[in-house]
Amino acid sequence: MTLKIYIPRDSGALALGAEKVARAVGAEIAGRDIDATVVRNGSRGLYWLEPMVEVETPAGRVAYGPVTADDVAGLFDAGLAEGGDHALCLGDPEAIPFLAKQTRLTFARCGITDPVSLADYEAHGGLGGLRNALAKTPLEIIEEVTESGLRGRGGAGFPTGIKWKTVHDTAGPQKYIVCNADEGDSGTFSDRMIMEGDPFVLVEGMTIAGVATGATKGYIYLRSEYPNAHRILNEAIDAARQAGILGKSVLGSQYAFDMEVRVGAGAYVCGEETALLDSLEGKRGQVRAKPPLPAHEGLFGRPTVINNVISLASVPIILDKGGAYYRDFGMGRSRGTIPIQITGNVKHGGLFEAAFGMTLGEIVDEIGGGTATGRPVRAVQVGGPLGAYFPRDLFDTPFDYEAFAAKDGLIGHAGIVVFDDTVDMLKQARFAMEFCAVESCGKCTPCRVGSTRGVEVLDRLRKGVAPEAQIEIVTDLCNTMKFGSLCALGGFTPYPVMSALTHFPEDFRPAPVREAAE
Amino acid sequence: MQHARTEIASAVQPIIERWKGEEGPLLPILNGIQRELGHVPRDSIPVIAEALNLTRAEVYGVVSFYHDYRDKPAGRHVLKLCRAEACQSMGGDAVAEKLQKLLGIAFHETSVDGAVTLEPVYCLGLCACAPSAMLDGEVIGRLDDAKAEEIAAEVRA
């Protein structure tokens, strides 16, 4: 039987040399005349071990990592083809604690299957959700999603079932499913990973959404920074169309649904749903005032479901195993699992899917293993560039929408960026304002002007010009931005700024003024 | 000038034709032009505007809104360096300094020999292997001084 060797085609693995490794493995297979084939899988999300090469042996998979092209010949000498021992041998990948401790529902297949093989997808439980959905009425599908307690994983946490119900109940000659794949938050890559590692789960989730709401057309709005995900999604969509999953009759049913990928052009604000819709329509990506809600008047003024990648990718398992199965994971009003992305200055960086409820400290210290530099963890930013900076004092906060809100923070898209004790929190606060200024769509004044004034005020603070007055101004400015901005860009920029100021005040009261002496 | 304009129109026309009948065709057209020509020439704007029944101002407004669109050609190589928080936490600022020095240019600039354009990017989704960059569409993770020197040598070759 032909031996299967898995080498990821995930961007993270590619960034660490997976392509060179694949070429070297190909050369060894040919040179040693081994009956083997290379499968380009997704990543399991253990990035400190990437590129991670896996071999399928009679006793199960054996992993090696991190592998460089220079290691490959030695690995074959050590009997990689039989799962032989080597300094880089990790044994059964699923026994690695980082993976063993996870609850993989949405990412169940990611890193295991060939992302563009439909046969592989089905062999690992794919399409079960869609088949169940087609046996139900649209309202029964929506009931299942509502029952699961799934909330928008893009950051806002709005109940997905309610959104779908609104679109279902709104009449329109054309309805749309729009997938928000404009994953712009620093510290997040779960959308990228699932699109590159298991794109069919997104295709399946969007198709279920279409069947449930009466939408026949889907768009994935993908950021231009993800060209690799674009290639893989297109391959998957083509395969799904050829297999009759997409098209005039979804798996032979009376429902029609088709979809395509549209690529953005570099604008963070297009991750905001109404700016995204304007961008899809071919306009400047400017935020719309709500109401009307996109569910009533969305893309081209039609009823539109707009959901994040992970929300939609979580739907197939809910329809496959039932809403109750999914709901039974989690805590409080945060049900199911969340793919936490542990990033930045961290020893074990990667994707950790778990039920809601772990504490921030467990995630950073135990799962992440502390900093990569070996220095103490000083701050972590949770939820992207608009998320709050948390000090160690708040490490007992459980990962839950409401618990984070209670500590003046947010989960957002569940990215965590770890910083060691060399971080300068005034600099981070300034960056938050600067980023908002660069990315503001310009429609509302608090965001457009406030962000630039914020940079100026923090620069004066840095220079030591009347520091107490600057702190007062920036606090007041943040208040205006928080309550006066049209969307989360201006409205949430105060989170990183004010959390830095509140939890790390020592960084905002720099050494005695130099200028006074000059 | 007239010649250049005709040339642009003939390069742009097939891209417009491909997308004209689709919903929301403007971004796909602009993306196509930038991919084909390396930038969105000012002279392409009236051509697009006429084809889509928009004003030139509307098309220009869209072109100028998005960070990706360039109004002049880039260097032979385009290096996008991530400037966002996860990369900052792993010394991204120092690598950015180093690369600017090695390449002799600042962000948004193209080297005099036309070898390379340096652009900031806010997140490549490689936050667990920071700092990161993208050179001509290929991703690079865990940037350090040695990798920065390799990049500088590669773009000059």
Completion exercise
By residue number, the members of segment B:83-98 that are in contact with an Asp or Glu (Cβ under 9 Å, 6 or more places away or on another chain), hydrophobic (A, V, I, L, M, F, W, C) and more than 7 Å from chain A (Cβ to nearest Cβ) are B:Cys87, B:Ala94, B:Val95
Exercise for the section: Give segment A:314-360 a look and list any residue that's within 23 Å of A:Ala133 (Cβ to Cβ) and surrounded by fewer than 20 Cβ atoms within 10 Å (Cβ to Cβ), or say none. Expected result: A:Lys321, A:Gly322, A:Ala324, A:Tyr325, A:Arg327, A:Asp328, A:Phe329
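Is it true that some residue in segment B:49-72 is at pLDDT below 95 and either away from chain A (no Cβ under 14 Å) or not in a loop (DSSP other than H, G, I, E, B) (or both)? Before you say what the answer is, go through the steps one by one.
Quick first cut of segment B:49-72, residues at pLDDT below 95 only: B:71-72.
Next, from what is left, pick out any that are either away from chain A (no Cβ under 14 Å) or not in a loop (DSSP other than H, G, I, E, B) (or both): B:72.
Within segment B:49-72, one or more residues are at pLDDT below 95 and either away from chain A (no Cβ under 14 Å) or not in a loop (DSSP other than H, G, I, E, B) (or both).
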Fill in the blank from the handout: When restricted to A:Glu28, A:Glu56, A:Glu82, the only residue surrounded by fewer than 22 Cβ atoms within 10 Å (Cβ to Cβ), charged (D, E, K, R), under 30 Å from B:Leu135 (Cα atoms) and touching a residue at least 12 places away in the same chain (Cβ under 8 Å) is A:Glu28
Practice task
Might you let me know whether segment A:392-414 holds any residue that is buried (at least 24 other Cβ atoms within 10 Å of the Cβ), touching a strand residue (DSSP E or B) at 6+ places or on another chain (Cβ under 6 Å) and not basic (Lys, Arg)?
Solution key: yes
Practice task
Might you let me know whether segment A:89-97 holds any residue that is crowded, with 16+ Cβ neighbours inside 10 Å and in contact with a helix residue (DSSP H, G or I) (Cβ under 6 Å, 6 or more places away or on another chain)?
Solution key: no
Problem - strands (runs of 3 or more DSSP E) (entirely within segment A:1-68) containing at least 1 residues that are in contact with a Cys (Cβ under 9 Å, 6 or more places away or on another chain) - result: A:60-64
Problem - Filtered residue count, segment A:222-254, keeping only those that are out of contact with any Asp or Glu (no Cβ under 6 Å at 6 or more places or on another chain), within 13 Å of chain B (Cβ to nearest Cβ), free of Cβ contacts under 8 Å to residues at least 60 places away in the same chain and buried (at least 23 other Cβ atoms within 10 Å of the Cβ) - result: 2
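Of the residues B:Ala152, B:Ala133, which is small (Gly, Ala, Ser) and more than 25 Å from A:Phe419 (Cα to Cα)? Walk me through how you get there before you give the answer.
Values: B:Ala133 fails: more than 25 Å from A:Phe419 (Cα to Cα).
Exactly one residue qualifies, and that residue is B:Ala152.
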Practice task
For segment A:455-471, indicate whether the set of residues that are in a helix (DSSP H, G or I), charged (D, E, K, R) and either within 13 Å of chain B (Cβ to nearest Cβ) or touching a residue at least 60 places away in the same chain (Cβ under 8 Å) (or both) is non-empty.
Solution key: no
Fill in the blank from the handout: Conditions (1) crowded, with 18+ Cβ neighbours inside 10 Å; (2) under 21 Å from A:Ser11 (Cα atoms) -> B:Pro120 fails only (1)
Fill in the blank from the handout: For segment B:14-55, the count of residues that are surrounded by fewer than 15 Cβ atoms within 10 Å (Cβ to Cβ), in contact (Cβ under 8 Å) with a residue 24 or more places away in the chain and under 22 Å from the mean Cα position of the chain (by Cα) equals 2
Handout entry: Condition met for A:Gly383 (more than 10 Å from chain B (Cβ to nearest Cβ) and either among the charged types (D, E, K, R) or free of Cβ contacts under 8 Å to residues at least 24 places away in the same chain (or both))
Key = no
Completion exercise
Listed by first then second residue, the pairs whose first member lies in segment A:326-355 and is in contact (Cβ under 8 Å) with a residue 40 or more places away in the chain and within 11 Å of chain B (Cβ to nearest Cβ), whose partner is surrounded by fewer than 24 Cβ atoms within 10 Å (Cβ to Cβ) and in a strand (DSSP E or B), with beta carbons under 7 Å and at least 6 positions apart or on separate chains, are A:Asn345/A:Asp420
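Would you check which residues across segment B:134-154 are under 13 Å from the mean Cα position of the chain (by Cα) and either facing chain A (nearest Cβ under 10 Å) or not in a strand (DSSP E or B) (or both) and list them? Reasoning before the result, please.
To start, the set of residues in segment B:134-154 that are under 13 Å from the mean Cα position of the chain (by Cα) comprises B:134-137.
B:Met134, B:Asp136, B:Gly137 - these are the residues of segment B:134-154 that are under 13 Å from the mean Cα position of the chain (by Cα) and either facing chain A (nearest Cβ under 10 Å) or not in a strand (DSSP E or B) (or both).
Within 22 Å of B:Tyr122 (Cα to Cα) and either in contact with a Gly (Cβ under 9 Å, 6 or more places away or on another chain) or among the small types (Gly, Ala, Ser) (or both) - does that describe any residue in segment B:41-59?
The first filter runs over segment B:41-59 and keeps only residues within 22 Å of B:Tyr122 (Cα to Cα), leaving none.
No, every residue in segment B:41-59 fails to be within 22 Å of B:Tyr122 (Cα to Cα) and either in contact with a Gly (Cβ under 9 Å, 6 or more places away or on another chain) or among the small types (Gly, Ala, Ser) (or both).
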Practice task
Sort out which residues of segment A:441-451 are in a helix (DSSP H, G or I) and crowded, with 16+ Cβ neighbours inside 10 Å, and write them in order of number.
Solution key: A:Pro446, A:Cys447, A:Arg448, A:Val449, A:Gly450, A:Ser451
Problem - Pairs, first more than 7 Å from chain A (Cβ to nearest Cβ) in segment B:116-130, second among the acidic types (Asp, Glu), C-beta under 8 Å, six or more apart - result: B:Thr117/B:Glu109; B:Leu118/B:Glu109
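The values are calculated or read from the model by the stated rules, or taken from the named source; none is laboratory data. Values in this document were obtained by computation on a predicted structure and should not be read as measured data. Quick reminder, even Gly has a Cβ in these numbers, built from the backbone with ideal geometry, and neighbours come from all protein chains shown.
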